[in-house]
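A short worksheet on the structure shown next.
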Amino acid sequence: MDLQAKLLRVIQEREYYKIGGSNKEKLDTRIVVASNKNIQELINEKMFREDLYYRINICKVTIPPLRERKDEIIPLSIFLLQSLSKELGKKINLIEFNALEELKTNIWQGNVRELKNFLTKILLFNDNNTITHDTVKSMLANENSKKEAIKFDLTNITIPDKPLNLNELNHEIIKKTLVKFNGNKSKAAEFLGLTRIQLYGRYKL
């Protein structure tokens, strides 16, 4: 929240101090902001400054998640495979159409980043220069089974008889997650499905 206040001041006054500097510098830049979170929800949770939001929300472009843009998955996959094959030095002569259709049916919760990571694995672990339907299907099944394995079963969760302090529970979960990732706040936030701002806010409660 402190950084948000500083950013808001810079945008409003259009001047700033360089690190270690004593003279004000004029701001000559454009600001592009992107987020995969619902900013209005963050504002309601007091995790994002409302005045900053209205300052930066001048021209808003909403990009639907990849699962809502199914028709883009195949051409996007072909483009990514071409780029990745050059980057990784892996020559691909053929990808079966059914393999592309299999990619299209998958729900890419992580959007383009998840699709790119998956195609990178395909290239790294594929021994020949053809990507088959069976290869894609088996690797997708393996990836999805891993996701299912780490999900918590909340249907049979037991609430203790004694009063439960949810803030303390959140604090303890975040604390142990930070220990798990050796204090890396970005990894801890990603693991818990939070932004760094939400992580800070809930850890301080």
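The values are calculated or read from the model by the stated rules, or taken from the named source; none is laboratory data. As the structure is a computational prediction, the values presented were derived from the model and not from experiment. Positions of Cβ are backbone-derived with ideal geometry, glycine not excepted, and every protein chain shown enters the neighbour counts.
Restricting K86, K116 to residues that are assigned to a helix (DSSP H, G or I) and surrounded by 13 or more Cβ atoms within 10 Å (Cβ to Cβ) narrows the list to K116. Checking every residue in the range 59-74 against the condition of being farther than 30 Å from T120 by Cβ and out of contact with any Pro (no Cβ under 8 Å at 6 or more places or on another chain) gives at least one match. Restrict the check to the range 95-107 and report whether at least one residue is in a loop (DSSP other than H, G, I, E, B), at pLDDT 85 or above and under 24 Å from the mean Cα position of the chain (by Cα). Looking through the range 95-107, at least one residue is in a loop (DSSP other than H, G, I, E, B), at pLDDT 85 or above and under 24 Å from the mean Cα position of the chain (by Cα).
Residues in the range 13-25 that are hydroxyl-bearing (S, T, Y) and within 21 Å of L52 (Cβ to Cβ) were compared, and the one that is surrounded by the fewest Cβ atoms within 10 Å (Cβ to Cβ) is Y17.
The residues of the range 172-194 that are surrounded by fewer than 12 Cβ atoms within 10 Å (Cβ to Cβ) and outside any helix (DSSP H, G or I), listed by number, are N182, G183, G193. When residues in the range 26-37 are screened for being surrounded by 11 or more Cβ atoms within 10 Å (Cβ to Cβ) and not hydrophobic (A, V, I, L, M, F, W, C), 1 of them pass.
Conditions tested, residue by residue: (1) in the same structural domain as K116 (by TED's automatic domain parsing); (2) in contact (Cβ under 8 Å) with a residue 24 or more places away in the chain.
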| residue | (1), (2) |
| --- | --- |
| F48 | no, yes |
| V61 | no, no |
| E72 | yes, no |
| L80 | yes, yes |
| S85 | yes, yes |
| K90 | yes, yes |
| N93 | yes, yes |
| N98 | yes, yes |
